[in-house]
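First up is the structure itself, then whatever we jot down about it.
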Amino acid sequence: MPSRAGSPNRNKAFLLDRLRDMYGDDFHPIMRMAENAVSLHEQARGTLDVADLKSSIDAWDKIAQYTEPKLKASEVNLNAKVEATEVDMRGISDELDDVEDRHD
């Protein structure tokens with residue numbers, strides 16, 4: 001859903017300008033979130049603590065919201081009948097060798 005017209009975008013731009021004044025011109029909130037997610041991930045791998053692992057997963061989930069399309073739910077029919085097809089590939093190699101010999 002798009003934001004409503006008018007001042008909200010100006011507020012975002014103002015806030016980003018303020019953050020860049022505080023943290024430097026190259027500050028980008030999503031990149032900072034990714035840096036923090038890496039730190040949380042490293043900590044979780046070191047401790048294997050459930051709370052640390054959850055924090056790491058939550059941080060990567062937030063990054064994914066900005067970088068990956070949302071997956072849509074789909075229905076799966078577990079009772080569907082599936083038929084397998086068998087293909088006999090024996091002898092294919094011999095036929096290809098014969099074709100190559102004809103071109104030499």
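Could you name the lysines whose alpha carbon sits less than 22 Å from that of LYS62, not counting residues in the same chain fewer than 8 places away? Those lysines meeting the cut-off are LYS12, LYS54, LYS70, LYS72.
Measuring max minus min along each principal axis, the C-alpha atoms of region 25-69 give extents of 34, 26, 11 Å (largest first).
Read-outs: derived from the displayed coordinates by stated rules, not from any lab. Values in this document were obtained by computation on a predicted structure and should not be read as measured data.
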